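Below you'll find the structure, written out as structure tokens, and then a few comments.
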Amino acid sequence: MRKTIKRSLSVLLACLMIMSIASVALADGTAAIVVGTATGEAGDSVAVDVTLTGSGITNGVFKVTYNTSTLTYVSASSLVDAEVAEISAGTISVAFAKTTAVTGTVATLNFTIKDGASAGSYDLTPSFAAADGNYHLEADGLFADDTRVADVTLTAGSVTVEEGETEITYGDLNDDGDVDTSDVIILLRYVAEWDGYDEENYNIDAADLNGDDEVDTSDVIILLRYVAEWDGYEELPILD
Ligand SMILES: [Ca+2]
Ligand SMILES: [Ca+2]
């Protein structure tokens, strides 16, 4: 049933596009398309609302572009049965047609933030190439006297990617997932200031095993005892 409705909507939209190319009447009205914002970390799902304001707008087609190296478009949900589709990598088309005026959230776009995405703010940009004919907002009824809205304000949104909390495995200086004698050797050499045994090559943040904000021989002793399975050294760090 829903499929049928969607298909009819597509046909209707196609007809409307042809009709609007044939006779373009510019309305005095104004409208705005605003893309919202969302925040998350790599791997998170985020949802961004696309809202429309304006008077008597019944149908339209516009695009939203996004950064494909940071986001993956997943799906869209819509309160107005808009047709939302990724028409090319990084470009989402939003089309809607109603017999009554549409205002508010036209679609909610769902993305996932790619693993390894760098922290920062990434724009979601609505575009509205009126000259192109396919992209337009119209007011005053679906079937007759459609008038194209001339003055559309577009406001970009964004997805802000935050730095994820990196979990520290205390004692694992070489980040191989194990805490063992190789980590003891690295820590000994770091404390003895051997060349190449530094923060650049090893996870020295994981080496402060007594929580005194220093990495020194007391931490070496704790790590040795942990690896040798001394009583009372079952879990790192050892804070007292
Ligand atoms: Ca290790
Ligand atoms: Ca320490």
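How high is the FRET efficiency from THR217 to LYS98, r the C-beta distance, R0 51 Å, rounded to 0.05? Plugging the Cβ-Cβ distance into 1/(1 + (r/R0)^6) gives 0.10. Ordered by the number of other Cβ atoms lying within 10 Å of each residue's own Cβ, fewest first, PHE128, PHE111 fall into the sequence PHE128, PHE111.
Among the GluC sites (Glu not before Pro) in the range 161-240, those placed in a DSSP loop whose Cβ has at most 13 other Cβ atoms within 10 Å are GLU163, GLU165, GLU167, GLU193, GLU199, GLU200, GLU214, GLU229, GLU234, GLU235.
The packing ranking of peptides 72-78, 203-209, highest mean first, is 203-209, 72-78, where packing means the average number of other beta carbon atoms within 10 angstrom of each residue.
Extension gain for SER45-THR30 works out to 2.1 nm (0.36 nm per residue, less the C-alpha to C-alpha distance). In the range 27-78 the Cα-Cα distances spread across 5 Å bins starting at 0 as 4, 13, 25, 23, 13, 10, 7, 4, 1 percent of all pairs. Our compactness index for the range 166-240, the C-alpha radius of gyration over the empirical 2.2 N^0.38 Å, is 0.98.
Rule-based calculations on the coordinates, nothing more; no lab input. What you are looking at is a predicted structure, and each value in this text was computed from that prediction instead of being measured. All Cβ positions, glycine included, derive from the backbone under ideal geometry; neighbour counts span all protein chains shown.
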